[in-house]
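So the structure is just underneath, and the comments pick up after that.
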Amino acid sequence: RNQRGPDKMAWLVRLAAPLRTAVRPILASTARGFRTTSVASLKLQPEANVEGKRIKYFQIYRWDPEASSKPYVATYPIDMADCGPMVLDALLKIKNEQDTTLTFRRSCREGICGSCAMNIDGVNTLACLARIDPKTPKCQIYPLPHMYVVKDLVPDMTNFYAQYKTIEPWLQVEDEASTKNKAVEADGTVKENLQNKKDREVLDGMYECILCACCSTSCPSYWWNSEAYLGPAVLMQAYRWIADSRDESKAKRIEFLDDSMKLYRCHTIMNCTKTCPKGLNPGLAIARIKQVVFSHNMS
């Protein structure tokens, strides 16, 4: 239309009215999908004096499978003058004092059990070993990435443990009655399998793994192939038994791992080694498995 000035503006407003009516419910639905709790709507403030308190805000992933709502992020303020130094201390304080429905795993508090593995500020680690950064105003906490979530910060470890079982993680001997390299009592009872100090040192850096899954869930190859690729944690444990001088099933173990998906999905990205909260090197163990497999096939 050849309209000018106010008349043309009024015509455009009338034309846009139906569009606004159609889009408004879509935007509202999208907003509800990413909703936050009333606590989450608090404006983030620096960790400075807020009414005489050092406040830090913890943004935590929440999802309840029994509720109809979608996953969301809830924010909880904590006075750091009245909280322990670790992220796990903050989570326990939130659960005890602010929201008893918050769900997460924890047990030893000493970095031994691996229960409290989660993604903290973008890094897979253990909540009991992760110090709260006093220099930032907020801390973001999510469950381990690319795993099904049972509830809140609890990942479903079923597939991870099933893969661990496939490597048969126990000492295997061909002849239980054999006394070769074994301590035998006077009555002929086999007491234990012997191992010298040099062979024992080979296991250092592998036996310390606590199966927290931080390394596996930081690996892009495991993200996309978790049903077939064993992942860094399980592969390192597999090599732990291949390298054990007392084990007599090396050939069987090597042949089981010689697979394009189980082993060779590893592309040496090394996220696993970078994120391990115990300071271990799964990437090196995987490289040694590939060497052992190659040597076995060439012999």
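Annotations
- Projecting label points 7 angstrom from Cα along Cα→Cβ for THR268 and LEU171 puts them 3.4 nm apart.
- Over segment 84-130, the reciprocal of the mean inverse Cα-Cα separation, the Kirkwood hydrodynamic radius, stands at 10.8 Å.
- Ligands, DNA and RNA aside, HIS267 has an accessible area near 110 Å² when probed at 1.4 Å.
- Partner lysines for LYS274 [C-alpha distance under 21 Å; skip if fewer than 8 residues away on the same chain]: LYS290
- Cα-based Rg of segment 96-192 normalised by 2.2 N^0.38 Å, two decimals: 1.72
- Computed over segment 48-150, the ratio Rg/Rh where both radii use C-alpha atoms and Rh is Kirkwood: 0.96
- When peptides 115-122, 268-275 are ranked by their average number of other Cβ atoms within 10 Å per residue, the highest-first order is 115-122, 268-275.
- Under 5 Å from the amide H of LYS53 lies no amide H of any residue 5 or more positions distant or on a separate chain, with H modelled from the backbone and absent for Pro and chain starts.
- Segment 133-188: chymotrypsin sites (Phe, Trp or Tyr not before Pro) in DSSP coil with no more than 13 other Cβ atoms inside 10 Å: TYR148, TRP170
- ARG288 accessible area, assembled protein chains, probe 1.4 Å, Å²: 100
The values are calculated or read from the model by the stated rules, or taken from the named source; none is laboratory data. The model shown is predicted, which means the values in this text are computed figures rather than measured ones. Glycine also receives a Cβ, built like all others from the backbone with ideal geometry; neighbour counts cover every protein chain displayed. Side chains are part of the model used for accessible areas, which takes the heavy atoms of the whole protein and leaves out ligands, DNA and RNA. Shrake-Rupley method; radii C 1.70, N 1.55, O 1.52, S 1.80 Å.
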